[in-house]
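The values are calculated or read from the model by the stated rules, or taken from the named source; none is laboratory data. Since the model is a prediction, treat every value here as computed from it, not as a measurement. Every residue, glycine as well, gets a Cβ built from its backbone with ideal geometry; the counts of neighbours run over all protein chains shown. Side chains included, ligands, DNA and RNA excluded: accessible areas come from the protein's heavy atoms. Shrake-Rupley method; radii C 1.70, N 1.55, O 1.52, S 1.80 Å.
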Amino acid sequence: MKHANFLYPLLVFLLLAVAAPVCAQAGPQAQLKETVDAVLAVLRDGGLGAAAKRERISPLVRARFDFPTMAQWVLGPQWRQASATEQERFVVLFSDLLEATYIGRIDEYSGEEVVFVGEQIEDRRAQVDTKVMTRSAEIPINYRLVSRGEDWLVFDVIIENVSLVRNYRSSFSEIVRREGMNGLFAQMEQRISELKAGGKAG
């Protein structure tokens, strides 16, 4: 990935974080746009410190992402081999890991804009294409969503043709192969603790 720092994944995570009220008939792009506008307003609020922004965003992030579906895709065939208890624990840890990774870096936002390019809808699945406009580049970010009732929830994000889910699947599958599910849980818990400790400042 050409732009390899955490800024763009951070935007991916935060731009979907606020479950702003939308019309029940709104399609995936309309829902995302309203959400993006609301999140950008939070990020640009100079009266809020990083900790306050994290506190406001954290519970809302979980309402916009379909973490159970993401978790199944990340584990792939190993999801079916896991017990119900292991599946439940993985969903919790995976959700915590994404939150700790990306919400903890909100200080890196520096005025980027988001342009919506278009949407494709097929039955209960959709893709919304956007570009994040930085001072020096246009970063393509594509959101893959699934319809859950009246809401469109994200289950994968493609940044410069690299899938968030596939990236995690590649690294996690190797850990499970070597160390089993308990080994994966231990590594995820350690990483979450490290990220939370590093994000306490501010």
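Which ones in the stretch 44-69 are touching a helix residue (DSSP H, G or I) at 6+ places or on another chain (Cβ under 7 Å) and touching a residue at least 60 places away in the same chain (Cβ under 8 Å)?
Once the filter is applied, which keeps residues that are touching a helix residue (DSSP H, G or I) at 6+ places or on another chain (Cβ under 7 Å) and touching a residue at least 60 places away in the same chain (Cβ under 8 Å), the stretch 44-69 yields ALA50, ARG54, ARG64.
Do you know which residues across the stretch 73-102 are among the aromatic types (Phe, Trp, Tyr) and open to solvent by less than 50 Å² (accessible area, probe 1.4 Å)?
Correct list: TRP79, PHE90, PHE94, TYR102.
May I ask you to verify whether PHE172 is over 22 Å from ALA38 (Cβ atoms) and within 20 Å of the chain's Cα centre (by Cα)? Give the derivation first.
Details: over 22 Å from ALA38 (Cβ atoms): yes; within 20 Å of the chain's Cα centre (by Cα): yes.
In short, yes.
If we scan the stretch 103-111, do we find a residue that is open to solvent by 50 Å² or more (accessible area, probe 1.4 Å), modelled with pLDDT of 90 or more and part of a helix (DSSP H, G or I)?
Looking through the stretch 103-111, none of the residues is open to solvent by 50 Å² or more (accessible area, probe 1.4 Å), modelled with pLDDT of 90 or more and part of a helix (DSSP H, G or I).
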